[in-house]
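Novice: The following block contains the structure, expressed as structure tokens.
FYI, it's all coordinate maths here, none of it is from the lab. No experiment lies behind these values; they were computed from the predicted model shown. Cβ placement follows ideal geometry from the backbone for every residue including glycine, while neighbour counts extend to all protein chains displayed.
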Amino acid sequence: MKTAPAHDRADLSVLGHELHALVTELYPICRSITGDGLRETLRRLQRFVALTMHEVPTGTRVFDWTVPPEWNIRDAYVKNSGGERVIDFQKSNLHVVSYSVPVHEKMGLEELKTHLFTLPDCPDWIPYRTSYYKRNWGFCLSHRQLLGLPEDEYEVCIDASLENGHLTYGEVYLPGDTTDEILISSHVCHPSLANDNLSGLAIACFLARYISQLPRKYSYRFLFIPGTIGAITWLCVNESRVSRIKHGLVLAGVGDVGALSYKKSRQGDREIDRVAVHVLRQFGPKSRILEFSPYGYDERQYCSPGFNLAVGRLSRTPHGTFPEYHTSADNLNFVDPCALGESFSACVSIFSILERNRAYVNTSPKCEPQLGERGLYRMMGGSAEDNTNEMAMLWVLNLSDGEHSLLEIAERAQLSFDSIYYAAAALKEHGLLKDALSGVKIRHGRGAGLD
Ligand SMILES: [Zn+2]
């Protein structure tokens, strides 16, 4: 990450299409919080990165929760009296409520309807429903299809198993110069939904591959886990190692065409929060910063008070605020290659700043040093870029007292991190800066905002 190359537009377009191709490949697989669909998904990610699969047995107590039975499904349908499949799992895995118990019986329309779920406001879409912790069964279908079902005797079949097995999760660990870790977490438990969260796991997978090829200060841990129960299980099984996590990012819903959004960690003013705000500002005025709330994805677990990790969440349009959320309309068309490429690029920018952020001490702090003599200062009025570089040097010299990080200087100067970083590099090369004593804490106060 020390020498992370900038991605240009053409690179990002190619990358965006590769990400979309991975989303497309994984889309048909029927995933849930356990089971073979989840394993198959992780196996396919192993083509890109050295991902380790972990299996935690059903019944394992994880804090206040218990690892549930493993669910696997082979087929499901509702047939009319003519033997025709009027609801068919083979056409869309969203047709079956995830974690449905097995069933095979005949019933009339009225009884069947108590197990059917639709979206009357979006009559052509199939909803996504789960029943993980309550034994039940059900089918999801479009409201228009429901309205067209005549009175009849229906054969209902869900050929599924709910038995002792395992909860599976995937992990990629990339050791760095230090054991301090950056955590990247994405949920992998949804079936045919593209943005939530094939977008997140595809980007996490490509980030792991990308970062594995770069020198890096931090160690990186990528988790591909079932939502909620997977994060709880990982935190419980790895509790002794959690203190190594210095920064973290949950990736969820990062493929739609809406603007980028960042949800702050519970503490709200950690280095990851400041860096993400700084980076999102560069992605345009529509980027949004959201305060922490105890609702959402797995940041809820990482930011629970007993862990209180510096973990935020990167999304585009926040979940629950777009009508396609948790419906069949969150499909391959809803996810955009350019948006995927841009989200990837935002992640790289965030990690690149975390890798390079540090504090220096000005070795010539009594009045300004003579920059012109050292060839660092243009004597005549220069271009706008020269002026920016000079302002960056003046800010770095003024605030490099060992207390201010480069990011804080960039914020105070209202300049990009890169301007400040390269100014500091030039000053250091000329002996005007030295490293702050190790152990100086990167301070970050409150007050970061997009405006
Ligand atoms: Zn979801």
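Novice: Which FRET efficiency, nearest 0.05, do N80 and S364 yield, Cβ-Cβ r, R0 56 Å?
Specialist: Efficiency, from the Cβ-Cβ distance: 0.05.
Novice: For the chain, give the magnitude of the charge dipole about the Cα centre (Cβ charges: +1 Lys/Arg, -1 Asp/Glu; no others), in debye to the nearest 20.
Specialist: Around 1240 debye, computed over the chain.
Novice: Relative to the longest principal axis of the chain, what angle (0 to 90°, nearest 10) does the C-alpha long axis of helix 417-429 take?
Specialist: Orientation of helix 417-429: about 40 degrees from the principal axis.
Novice: How big, on average over all directions, is the shadow cast by the Cα convex hull of the stretch 232-345, in nm²?
Specialist: 7.6 nm²
Novice: Translational diffusion coefficient, Stokes-Einstein: compute it for the chain using the Kirkwood radius over C-alpha pairs as Rh, at 10 °C and 1.306 mPa s, and state it as an integer in µm² s⁻¹.
Specialist: 66 µm²/s
Novice: With viscosity set to 1.306 mPa s at 10 °C, what whole-number translational diffusion coefficient in µm²/s follows for the stretch 48-140 from Stokes-Einstein and a Kirkwood radius over Cα pairs?
Specialist: Diffusion coefficient, whole number: 101 µm²/s.
Novice: Note the full-extension length gain between E291 and H430 as 0.36 nm times their separation in residues minus their Cα-Cα distance, in nm to one decimal.
Specialist: Full extension of this stretch gives 45.9 nm more.
Novice: I'd like the orientation of helix 36-45 relative to the chain: the angle between its Cα long axis and the longest Cα principal axis, in ° from 0 to 90, rounded to 10.
Specialist: Value to nearest ten degrees: 30.
Novice: Which of the listed residues, Q213, V86, G176, is farthest toward the dipole's positive end in the chain, when Lys, Arg count +1 and Asp, Glu count -1 at the beta-carbon?
Specialist: G176
Novice: Shifting gears a bit: Which GluC sites (Glu not before Pro) in the stretch 145-242 pass both tests, a DSSP loop state and at most 16 other beta-carbon atoms within 10 Å?
Specialist: E151
Novice: Ok, one more. Compute the helix-to-body angle for 271-281: its Cα long axis versus the longest principal axis of the chain, expressed 0 to 90° and rounded to tens.
Specialist: 90 degrees
Novice: What aspartates and glutamates sit close enough to K366 to cross-link, taking a C-alpha to C-alpha distance under 16 Å and skipping anything fewer than 8 places away on the same chain?
Specialist: Of all the aspartates and glutamates, those that pass the test against K366 - Cα under 16 Å, at least 8 places apart if same chain - are D401.
Novice: Using the Cα atoms of the stretch 123-272 to build a convex hull, what is its mean projected area in square nanometres?
Specialist: Spelled out: convex hull of the Cα atoms, projected over all directions, averaged, 13.1 nm².
Novice: Divide by every residue of the chain the summed helix terms, -39500 (n - 2.57) for each DSSP H run of at least 4, and state the resulting mean residue ellipticity at 222 nm, rounded to the nearest 500 deg cm²/dmol. Please list the in-between numbers first.
Specialist: Values: 12 runs with 132 residues, N = 451.
After summing the helix terms and dividing by the residues of the chain, the value is -9000 deg cm²/dmol.
Novice: Let me ask another. Taking the Cα centre of the stretch 182-316 as origin and charging only Cβ (+1 Lys, Arg; -1 Asp, Glu), how large is the dipole, in debye to the nearest 20? Mind showing how you got there, number by number?
Specialist: Values: 18 positive and 9 negative charges, 86 e Å.
The dipole magnitude comes to about 420 debye.
Novice: Here's another thing I want to ask about it. Which far-off residues, 5 or more places away or on another chain, put their amide H under 5 Å from the one on S405, with H placed in the peptide plane?
Specialist: Under 5 Å from the amide H of S405: R443.
Novice: Would you grab the residues whose amide H sits under 5 Å from the one on A76? Only those 5+ places off in sequence or on another chain, please, with H modelled 1.01 Å from N.
Specialist: F89, Q90, D159
Novice: For the stretch 361-376, take each phi angle, set θ = phi - 60°, evaluate the Karplus expression 6.51 cos²θ - 1.76 cosθ + 1.60, and give the result in whole Hz per residue in order, putting x for glycine and proline.
Specialist: Values, residue by residue: 10, 5, 7, 9, x, 8, 6, 6, x, 7, 6, x, 4, 8, x, 9 Hz.
Novice: Aspartates and glutamates within cross-link reach of K106: Cα-Cα under 20 Å, excluding same-chain residues under 8 positions apart?
Specialist: Partners found: D75, E84, D88, E151, D152, E153, E155, D159.
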